[in-house]
Each structure stands twice: as structure tokens, then as C-alpha cells.
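Undergrad: After the C-alpha cells below, expect a handful of questions from me.
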Amino acid sequence: MNLLNTIQTFERIIVNSLVVRFILFLYKILVFLESLWLNSRFCRLLERSIRHARLGLIGQFFTNDPKVRFEKQAESSLLIRLGKSMAAPFGRIRILFIEKLLTLSKASLFGTILSHLAQPEGWQLGGLAKAGLAFLFGLALSLLYTHSITVKIGLALTVAFVLLALWRHSLATVAEIWLDSSVGKAFYSLLPSELYPQNREKLTVAPPLTGASASLMYFLLFALGALLAYFWIKTSNPLVLALPLILIIIQVIVVHPVIGLWGVAAYPFIDWLLRLKTASLANWWDELLMVLIVGSLFVHWITTPNFRWRSHPTAAPLTAFISVMLFLFLIDHTYPSLAIPIDGLRVVIQHMLWFYLVVQLVRSPGQASLLIIVFTFVGAGIAAYGVYQYVTGAPMPSGWVDQAEDLRTRAYSIVGSPNILGSLLVLTTPIALGLAYQGRPWQRLFYLGITAVMALGLLFSFSRGAWLGLALAVILFSLLQDRRLIALMLIGAILLPVLSPSVSDRIGYLLSPEYFKKSSTDGRLERWSLALEQLQAHPITGAGFGRFGGAAAERHRAELPHRTLYTDNYYMKTGAETGLVGLISFILLMVAAVRTAVGSAVHGPPRYRPIAVGIACGLFGVVLHNAVENVFEVPLMVASFWLCAALVWVYCSSAPTVEKN
């Protein structure tokens, strides 16, 4: 009875608390404003305007069904039919090769081992423990033989031996351990219900190794442990012992290449972490990952009978743009050093290639949603750290703020640039907002909170171009998903000068004569003027890759006869270096990417519509932000943009085709 009285007392305290009362009061205000908005003439006028706009030429161009359009183009394309007819003999040869390979592998020792390694999610804890014991036994013997073992190392090895010995009879698989762990349960609780494995009986179990295959595997692990101990002693670098983990990651990516795309989704975090530890590897890790995924895709092509290549409506425009860039590179002969145009071309097209890999690897809306949610979590963590920087007053270079402005700091998080942080959050914030429209109520609140954190991170970056990009992206989101957001934006615009004077002051300074004067002498306007001069001097093919501005020109500034600069406008930078040919090609590519994204969001399945709308609006915001910032000069932004551009199509392509008049 005393416990019941205590619980009731706590309930009364919570219900009568000021916080709860304020939340209820705020909720009543929002309900009242919603009814006021829905009954207003402005709302009715807006609805009529949207309906008329969708019937217009531009509205139909961006919102027609991309799947129907793509299928009709594929059926009428002579080039596609010719390619299929030419590839048919190679397909028959591939099937014969796969059948021969399967026949040889059934009775071979290595075939048994490979079939076991091909199911890492089905590895049993007992088998892993035995493999770990073999590895540690080789490691310990090598250390004892060289008299290199210490008390700490001996104690750690003893504890590891005991734990692995206790686990050696366990039948639990890796997938079951992950699903039953606290981290796994917390992770899946944030995902849509269709992504959680409903039937445990369908979880695969890898065929166990027995006899000669088990002996061979344990011997190899024993030899690996002994060899790593030797290199550890010679190099005095304990990171050598991380090689087994690296080998497991490579194996998992080879078996499930789509998992390698998690590295693209977490690109900012991985790149930042590697630059803290190993700067040399930080310059190559994404190339190594791309090569590994390409190799894994090839392995699946030659070993999977039902493998099918996939396409995408934006694949043709992207391929055409890359072809134009290669053509401009080949006809250029005025460079002072061949390394300059090669580096300039690489900066433009290298990270666009992720698009093709994502198209081939992601084959279901579930896989797409998982990647998008991981990408959203990474963005939320980056935004939260940016908010922390602003609150604690993290130091920043003086050049980030004009002397006439009174800003104590700008958030830049782990990205290193406030403008690129803003651009990343322009892409992720609409996605988080879209996730807040689906799932269980508490999941919606969670993603709504993430959206708020991202909005604060973007606000504290004080990137005016990113503010504009996000504002227009949210307007598009409201037009496609929820008109009430327009009313909230109007309220926010009214309250902004009161809630954050520094934001309104920064916007006001942008419109002041002093800003225009300084920008015309040493700022954006001057750089844009120089870019236009380059375009006028070389109107057709431009000045050449890496010879006007951006990262490539900055790296080779000693070889160039003029000063290098960042244009703060990727379109003008593209025009200055590739002329009208490259500029028009790039604009058409951006229009094609946004058109496919918006069409996929409008015509995709209703349950995926909010997240697809969020992706489309994020892409739209980045395309706009590129007009005032060199967004695509940064690899993480290019990779993230084309990751999202490829994923949004998956939602539409999974829906049944519906013919429309």
C-alpha cells in the first residue's frame, strides 16, 4: 500500500509540474494555430496554387512518374537492345563457368572452407572461440619463444584463453548475439518494424568445419598469430594485431558488398577518425574501399547465377557528363604539367562513381532505409558536436567572420568548415524530418529531436548559403508532404530576430553596402567576376581542369602563373574550367538528379513517401547551396550526394508500375 501511495504521489508531482503544464499549453497553442491555418484564406489559396503548378509544364516535368518514363525509354532504346544482344553470349559463358565452379567446389577442401566463410552472420560463437584459441596459441608461443612476453601481456592472454575456453561449446550465431545484445536492441528499436528480423528460425547457420577443413583452418590461424607476434616485436607497433579484424571486415564486405556502403554513409566520421590517427591512410581509404567493393561485385557476378545488373534514370545523364569531362580532358594540351588536369578531373568525377556501386548493390527499400538511417545518425552526431562547439566557444580562424560582424565563434564540428557543415546538414535535416513522419510515436519524437539538433547545428554554423538552401528545401518538403510547415516557418521568421539577434544581424549585414564593397574587392563578388572573365576568355572549353580554382588548383599553385582561389560557386568554377560545354552538362545533370528524386518521392509507395521526400528535398537544397559554395570540392559531400541520389530511386522502383493517362 505504501508503494502504491508513493507511485500516486509521483504521478501527481509529474502531472502538476511546470514543465508538463508548459508542454500541454504549447500543445494547445499548436492545435489552435493548426486550425487557424487550415481555415485561413492563405492556406486555401496555397492549395489551389499547388494544384495549378503541378498541372503546369514545370510541375509535370519534375513530378511525372520516373519509372514509367524510364521503362518506355529502355524499351525504345536501340543502344540498350544492342547491348543486351551483345552481352547474351557472355551471359551463357558465365553460367557455364558458375556450374563448373560449383561442381569443383563441392568435393574440395577449400570449397568447404569458403562455404563456411561465406556466411559470417551464421558463424557460431563456439567455432569463433576455437578459432580464437588457435590464433592466441600461436601468438603466445611466438612471444614465449622470443622472450618478449610481459606480465601485462601474460595476464591479458590468460583472461582471453579462459573466456574463449568457456565459449567454445556455444551454439549461438553472430546474428543471434547481435539481436539479443543491448546495443542491437537499442539500434533496431530506432528502425522501422520491417527492418527487424521477425522469424528467428530463418536466420542462417554457417556449415561447421570438421575434419581436415577444420584442421587446416586452425593451422592457418595458428600461423597467423605467430607471424603477427613476430612483426609486433620487430616493429614495436601493437596496431599490427588489428590485422585479423581488418581481414574479417574485408571478408564481410566481399560476402555482403552492400555493407561496404556503410563506409560511404559514415564517410565524415571515418575520414575524421583516420586523419587523427593515420594521415597517410586517410588520403587513400575511400579509394581502397571502392576497389574492394568493385572486386566484391565482380566476385558476385561470376559466382551468382541469378545476378542481374540494375540501372537508374540518372545513370545516363551522369555517364554523359563524365564522358564530356573526359572529352574536355583529352582535347586539352595547354597545361604546364600533366598532373594538374589529372588531379582536376579526379576531383570532379572520382566520387561520382559511388553512384554506380550503390545502384548495383542496394536492391530493396529495406537496405536503402538502413543506409539512410545510418547516414542520418552520423549527421546527427556531427550536428550535436557542432552545437557543443558553439556553446563552449570553440576557437576559429579570424578569416571566417568579417571584422564588422560580432560573432564569437562558428560551429564546424569534425568537418573542419562551417560552410561544409552547413551543406551536410542541408542534406541530412530534411531526411531526419521525413523519418519523423513514420514509425511509432516515440520514434517520431526521436527523429523530430534529431531534426531539431541538426537545425541548431546548421544555425550555429552561420552559413548563410546553407540557411537559404535549407529554407528552400523545407518549403519544397512542405509542398510535397505537409503544408503546415510553411506556417511554422513564417512564425519562426517572425520570432527569429528576438530569439537569435546574431542570426538576423548576419543576414542584415549581407544586405548592407559595406558587405557589397568588401565582397567586390576581396570576397565572393570579386571571385565570381574573375570566374566570369575566365569564361569569357575561354567560352567553349574553359581554362582547363585544375587551372582556375578549387582544391586541385590550390595543390598545384606553384606551377600556375596566376593566383588560385576558391570561387564560392561551384557552377562558376565549373564554367571557368570547362567552359559552356561543361557548365551546361553539369546543370543538366543536376536537373536530372533532382527530377528523378522528386518523381520517385511523389510516385513511390505511401509508406516510404516521407523518407523519399526528405531525400529529394535534401538533394534539392545541396544543388542550390552549390551556387554560393564549392560544395562538390569536398569528397564527403560528393559521395553523400550521389549515395542519396541513388537510394531514393529504390523506393520508386520497388513499387508496381501504374499506367497514367
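No value in this document is a laboratory result; all are computed from the given coordinates. Owing to the predicted nature of the structure, the values given are computational and were not obtained by experimental measurement. Note that each Cβ is placed from the backbone with ideal geometry, even for glycine, and that neighbours are counted across all protein chains shown.
Undergrad: With each run of n ≥ 4 DSSP H residues scored as -39500 (n - 2.57), what mean residue ellipticity at 222 nm is computed for the chain after dividing by its residue count and rounding to the nearest 500 deg cm²/dmol?
TA: -24000 deg cm²/dmol
Undergrad: By per-residue mean of other Cβ atoms within 10 Å, what is the highest-first order of 451-462, 535-546?
TA: Going from most to least packed, we get 451-462, 535-546.
Undergrad: Continuing with this model, one more query. Roughly how tilted is helix 570-603, in degrees to the nearest 10 and between 0 and 90, from the longest Cα axis of the chain?
TA: 80
Undergrad: Run the dipole for the range 111-255 about the Cα centre, Lys and Arg Cβ at +1, Asp and Glu Cβ at -1, nothing else charged, and hand back the magnitude in debye, nearest 20.
TA: Rounded to the nearest 20 debye, it is 360 debye.
Undergrad: Then there is this: Could you order the peptides 185-196, 491-502, 263-274 from most to least packed, using the average number of other C-beta atoms within 10 Å per residue?
TA: Highest-to-lowest ranking by the protection proxy: 263-274, 185-196, 491-502.
Undergrad: Can you give me the angle between helix 18-38 and the longest principal axis of the chain, using Cα atoms only, in degrees from 0 to 90, rounded to the nearest 10?
TA: That helix lies at roughly 60 degrees to the long axis.
Undergrad: Given R₀ = 45 Å, what would the calculated FRET efficiency be for Arg54 paired with Ser500, taking r from the Cβ atoms and rounding to 0.05?
TA: FRET efficiency, Arg54 to Ser500: 0.80.
Undergrad: Which pairs, out of Lys152/Lys234; Lys277/Lys518; Lys106/Lys202, put more than 29 Å between their alpha-carbon atoms?
TA: The answer is Lys277/Lys518.
Undergrad: Evaluate E = 1/(1 + (r/R0)^6) for Lys277 and Thr103, where r is the Cβ-Cβ distance and R0 equals 45 Å; express this FRET efficiency to the nearest 0.05.
TA: The calculated FRET efficiency here is 0.45.
Undergrad: Moving to a separate point now. Could you give the distance between the Cα centres of the range 93-150 and the range 407-468, to the whole Å?
TA: 44
Undergrad: Please name which of Thr334, Ser148, Phe632 has its Cα lying farthest along the dipole of the chain towards the positive end, using unit charges on Cβ (Lys, Arg +1; Asp, Glu -1) and the Cα centre as origin.
TA: Phe632
Undergrad: Also: List the lysines whose Cα lies under 27 Å from the Cα of Lys84, skipping any in the same chain that are fewer than 8 positions away.
TA: Candidates past the 8-residue exclusion: Lys67, Lys72, Lys100.
Undergrad: Enter the mean projected area of the convex hull around the alpha-carbon atoms of the chain, in nm², rounded to one decimal.
TA: Reported value for the Cα convex hull: 39.8 nm².
Undergrad: A further question on this structure: Roughly how tilted is helix 285-303, in degrees to the nearest 10 and between 0 and 90, from the longest Cα axis of the chain?
TA: 60
Undergrad: Work from the charge dipole of the range 111-255 (Cβ charges, +1 for Lys and Arg, -1 for Asp and Glu, about the Cα centre) and give the residue of Leu139, Leu166, Pro120 farthest towards its positive end.
TA: Leu139
Undergrad: Right, here's the next one. Please give the peptides 304-315, 431-442 ranked by average Cβ packing (other Cβ atoms within 10 Å per residue), highest first, as a rough proxy for protection.
TA: 431-442, 304-315
Undergrad: Compute the normalised compactness of the range 460-601: alpha-carbon radius of gyration over 2.2 N^0.38 Å, N being the residue count.
TA: Dividing the Cα Rg of the range 460-601 by 2.2 N^0.38 Å gives 1.31.
Undergrad: Just subtract the alpha-carbon distance of Ile540 and Leu36 from 0.36 nm times their residue separation and send over the number in nm, one decimal.
TA: Contour length minus the Cα-Cα distance gives 176.0 nm.
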